[in-house]
Amino acid sequence: MNTADLIWLNGEFVAWEDAKVHVLTHALHYGTGVFEGIRAYETEGGTAVFRHQDHLNRLENSAKLYYMDLPFTKEQIREATHELIARSGFKSCYIRPLVWRGYGPMGLNPLENPVEAMVAVWEWGAYLGEEGQQNGVRARVSSYRRISSDSLIPHAKASGQYLNSVLAKIESLKSGYEEAILLDDQGHVCEGSGENIFVVKNDVIHTPPQTAGILDGINRKTCMQIARDLGYELVERDVARAELALADEVFLTGTACELTPLREIDDIEIGPPGPITREIQRVFDDALRGRAPQYAEWLDLVPVPSKA
Ligand SMILES: Cc1ncc(COP(=O)(O)O)c(C=O)c1O
């Protein structure tokens, strides 16, 4: 992991090794944090953060759902992120903002604990590997169900909730697969441990709806729009587990994995990435890297600091 020299912590730029919190930080004990995963890409016009405002809006929504006010405005976090990227010298990077309940009373009631914030950036390649992105990955259906809204908040990207994804990920890796697909509480296909899922059958693209307990993925929305703009029929509906194995094509989307095809589920071959997956992947890649003028509004260019 190639990290920047600095981290933005509670309004200050501090050295990477000095970005510390107290061991009684509430979030460390109870998972009371919310975060984002964002990427910035090298484009012809300079480094650009992909759908930055959408990520900041989701961060604010996640905080709201856990009774936290952002301690800085979204614009302050956006500008701090720009400065961090500019000072890191990275042309492309992964961006991790985190907002959490800090050191204070140690009970379950977090409402008296301070809300803190940080942003870190580092260089991070293809999350499921270059090879996986090109040729597809193997996944299993997890024995863990995705969290549901009767016990947690699938719409929030909250730290403690990720124990669910962590267990599913470990289970899949230990049993020899690269990724886990979680079913929702009804037994329908929900999503990957950190990705949304799309299933192609007879030229129609299907993806589970928000009511299936998915995280409302920003790259999911991006690929939905791209698919519709390309003229494909795209349906949000419940997807049965067997439809994965019987699909013509299956692919995953997320900030970390971008668009990664699934070539096998539960040891049943789906096949190499198909033409619809390839086409959406190509346009998506163009959009991320500023080669698709029709999607230029998704790019938040990092200002180049003046030399003066
Ligand atoms: C559980 C989960 N689902 C889906 C996604 C995809 O969301 P996005 O496209 O906004 O990165 C992520 C990644 O953030 C995730 O952690």
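Taking only pairs six or more apart or across chains, which ones have beta-carbon atoms under 6 Å, a first residue in segment 146-160 that is assigned to a loop (DSSP other than H, G, I, E, B), and a second residue that is open to solvent by 70 Å² or more (accessible area, probe 1.4 Å)?
Between residues of segment 146-160 that are assigned to a loop (DSSP other than H, G, I, E, B) and residues that are open to solvent by 70 Å² or more (accessible area, probe 1.4 Å), the close pairs are Ser148/Asp185; Ile153/Leu65; Ala156/Leu65.
When you look at Arg278, is it more than 15 Å from the ligand (Cβ to nearest atom) and not in a loop (DSSP other than H, G, I, E, B), yes or no?
yes
For the subset of segment 44-83 comprising residues that are in contact (Cβ under 8 Å) with a residue 60 or more places away in the chain, part of a loop (DSSP other than H, G, I, E, B) and open to solvent by 40 Å² or more (accessible area, probe 1.4 Å), which member is nearest to the ligand (Cβ to nearest atom)?
Tyr66
Could you tell me which residue of segment 201-227 is nearest to the ligand (Cβ to nearest atom), considering only residues that are farther than 15 Å from Ser149 by Cα and touching a His at 6+ places or on another chain (Cβ under 7 Å)?
Ile218
Residue check: is Leu9 under 17 Å from Glu116 (Cα atoms), touching a strand residue (DSSP E or B) at 6+ places or on another chain (Cβ under 6 Å) and in contact (Cβ under 8 Å) with a residue 40 or more places away in the chain?
yes
So which residues in segment 178-218 are part of a helix (DSSP H, G or I) and open to solvent by 10 Å² or more (accessible area, probe 1.4 Å), if there are any at all?
Gln210, Thr211, listed by residue number.
Please specify each residue of segment 84-115 satisfying the condition of being more than 23 Å from Glu258 (Cβ to Cβ), part of a helix (DSSP H, G or I) and of a type in the set (A, V, I, L, M, F, W, C).
Listed by number, the list holds a single entry, Ala86.
Among (1) aromatic (Phe, Trp, Tyr); (2) surrounded by fewer than 16 Cβ atoms within 10 Å (Cβ to Cβ); (3) in contact with a Gly (Cβ under 6 Å, 6 or more places away or on another chain), which single condition is Trp100 missing?
The one condition Trp100 does not meet is (2).
If you check Asp267 against the conditions, is it open to solvent by 50 Å² or more (accessible area, probe 1.4 Å) and on the phi > 0 side of the Ramachandran plot?
The answer is yes for Asp267.
Within 16 Å of the ligand (Cβ to nearest atom), surrounded by 18 or more Cβ atoms within 10 Å (Cβ to Cβ), under 30 Å from Gly107 (Cβ atoms) and hydrophobic (A, V, I, L, M, F, W, C): is that true of Val34 in this structure?
So Val34 passes the test.
Return the residue satisfying two criteria in turn: it lies in segment 228-254 and is surrounded by 21 or more Cβ atoms within 10 Å (Cβ to Cβ) and within 16 Å of the ligand (Cβ to nearest atom), and of such residues it is farthest from the chain's Cα centre (by Cα).
Within segment 228-254, the match that is farthest from the chain's Cα centre (by Cα) is Val239.
The values are calculated or read from the model by the stated rules, or taken from the named source; none is laboratory data. The model shown is predicted, which means the values in this text are computed figures rather than measured ones. So basically every Cβ, Gly included, is an ideal-geometry build from the backbone, and we count neighbours across all protein chains shown. Protein only, heavy atoms only, side chains kept; ligands, DNA and RNA dropped before computing areas. Shrake-Rupley method; radii C 1.70, N 1.55, O 1.52, S 1.80 Å.
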